[in-house]
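S.K.: Have a look at this one.
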Ligand SMILES: Nc1ncnc2c1ncn2[C@@H]1O[C@H](COP(=O)(O)OP(=O)(O)O)[C@@H](O)[C@H]1O
Ligand SMILES: [Mg+2]
């Protein structure tokens, strides 16, 4: 029994409590409410139907447990899908009021409805917490970025993968960012909303496999495949949720595949051209030998006029040039013997430079060496490799028109067990339309007599013979960069016949 004073304090305690407490009859009529609840509604709510006042419905809510509580007389928690919608829930915890003293029957005549949990009643709260925690974990640990935002664009779910993709911390995501801030292009969020509301992109309220760019905090653009959905409460849009799949790895893989395909194509082309060139070279070798020999003989044996001697010398010089080309062709077609031994690449490059930099072409070229210290020895045929270096260096000097900076760099790549060699220049670079062809035999952009178009194709086959890789690109600041990767684990044979 409570004294009147006690009753007054109890009522004040309940009224002072800043959560909703409502008492309803089994017929859904509101019998009492604490001051906090009453303040929320402008009208008088006592005597009115709870579903009418709280939810604006003509009939009781479908999931309302009132009817069941009058029978079971046990407290019940109902869990609305408030986890995603974040909607306020008035009817959360229900418990039947114990019968008053002047009641004879043990019937339930009133039920208290709270918008909060009484912890651990019959383990319900715990179960609910567990299932919520499970859902949360599911979202947080998703490999795709998961971002949900309310109708105004305020983000309320921002998982670890979203942190990784966007570069923003979870705190920034949840408190500083709006959903429209993460896209690279302005108006993108609006466009996505428009597509979500249309039926044409995976059904109403859905958007499937939509490719979009987002902007990382550091300014980088990240390509994304987005699957998104509108979260509805009844018919009302309450939020959007998006699954952001980072496409960077996929795009990289595709590029790598395309590169491999082009390399295979190139190798194929080289192989058939190699056979052809070898045949032609062999057939040319003997007649060229005769031309050289007999011209020399005539020059030595006969007393000739100076003008005839000059003409014959010209024939001799040109025949020699033909023989040089034939020699290159034979090397290109791998008709030479390879001798694989460990070599110091830094030394080989220095020696090539030593041979070249006396030439007039190099007089106005500044040479920068960035050689790695303690570079491991590379298994290879040093004569062949010298040939590659020489071709690349001469190409660079020619491209710069004898004026500019030539840089040579070596680097050890332990993770890949390779040595990297880079030869770059400050010339005009390689035009886009030229780049795909430079390793093709006989491809040259130089004037007749200046280029054979064999230098790079020869370099390509030599590097391939060393199980390495040669590539050309343009540096962002201008000029061409040729990079060569040579493996360190090539079998060390004495002589390989080709
Ligand atoms: N460093 C470079 N800068 C710009 N273009 C280059 C460079 N190296 C090679 N090239 C291009 O590649 C083509 C093929 O080179 P290459 O096979 O050595 O033949 P060649 O030097 O006889 O023309 C050249 O004609 C030139 O257009
Ligand atoms: Mg060349």
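S.K.: Give the relative contact order (percent, whole number) for the chain; include only Cα pairs under 8 Å separated by 6+ residues. Before the final figure, lay out each step's value.
M.R.: Numbers: 783 pairs, mean separation 40.2, N = 498.
Here the relative contact order equals 8 percent.
S.K.: To continue, here is another question. Considering just Cα atoms, how many Å³ per residue does the convex hull of the stretch 141-246 enclose?
M.R.: On the way: hull volume 9.7 nm³, N = 106.
Value for the stretch 141-246: 92 Å³ per residue.
S.K.: If the chain between residue 299 and residue 227 were fully stretched, how many nm would it gain, using 0.36 nm times the residue separation less the Cα-Cα distance? Mind showing how you got there, number by number?
M.R.: Working: separation 72, 0.36 × 72 = 25.92 nm, distance 8.30 nm.
Stretched out fully, the residue 299 to residue 227 stretch lengthens by 17.6 nm.
S.K.: Two decimals is fine: what is log10 I(q)/I(0) at q = 0.15, 0.17, 0.19, 0.20 Å⁻¹ for the stretch 248-335, from a Debye sum with one equal scatterer on every Cα and no solvent?
M.R.: -0.70, -0.78, -0.86, -0.90
S.K.: What is the mean projected area of the alpha carbon convex hull for the stretch 193-288, to one decimal in square nanometres? Could the numbers behind the result be given before it?
M.R.: Numbers: hull surface 45.3 nm².
Quarter of the Cα hull surface area: 11.3 nm².
S.K.: Per Stokes-Einstein, at 25 °C and 0.890 mPa s, what whole-number D in µm² s⁻¹ belongs to the chain, with the Kirkwood radius over Cα pairs as the hydrodynamic radius? Let's see the in-between values first.
M.R.: Values: Rh = 31.2 Å.
After rounding, the answer is 79 µm²/s.
S.K.: Spin-label point model (7 Å from Cα, Cβ direction): what's the residue 100 to residue 44 distance in nm?
M.R.: 1.9 nm
S.K.: Just the Kirkwood number for the stretch 435-484, please: inverse of mean 1/r across all distinct Cα pairs, in Å, one decimal.
M.R.: Details: mean 1/r = 0.0849 Å⁻¹.
About 11.8 Å for the stretch 435-484.
S.K.: Can I ask one more? Mind jotting down a quarter of the surface of the convex hull over the alpha carbons of the stretch 337-498, in square nanometres, one decimal?
M.R.: Details: hull surface 39.0 nm².
So the Cα hull casts an average projection of 9.7 nm².
S.K.: Residue separation times 0.36 nm, minus the C-alpha to C-alpha distance between residue 350 and residue 204: what's the value? All intermediate terms of the calculation are to be shown ahead of the outcome.
M.R.: On the way: separation 146, 0.36 × 146 = 52.56 nm, distance 6.81 nm.
Length difference between fully extended and current span is 45.8 nm.
S.K.: Normalized C-alpha radius of gyration of the stretch 238-391, against 2.2 N^0.38 Å?
M.R.: Numbers: Rg = 25.5 Å, N = 154, 2.2 N^0.38 = 14.9 Å.
That works out to 1.71 for the stretch 238-391.
S.K.: Taking the mean number of other Cβ atoms within 10 Å as a proxy for protection, how do you rank 386-396, 244-254 from highest to lowest?
M.R.: On the way: 386-396: 21.5, 244-254: 13.6.
Averaged packing, sorted descending, gives the order 386-396, 244-254.
Each value in this text was obtained by applying a stated rule to the coordinates, not by laboratory testing. All of these numbers come straight from a predicted model, not from anything done at the bench. As a convention, Cβ positions derive from the backbone with ideal geometry for all residues, glycine included, and neighbour counts pool all protein chains shown.
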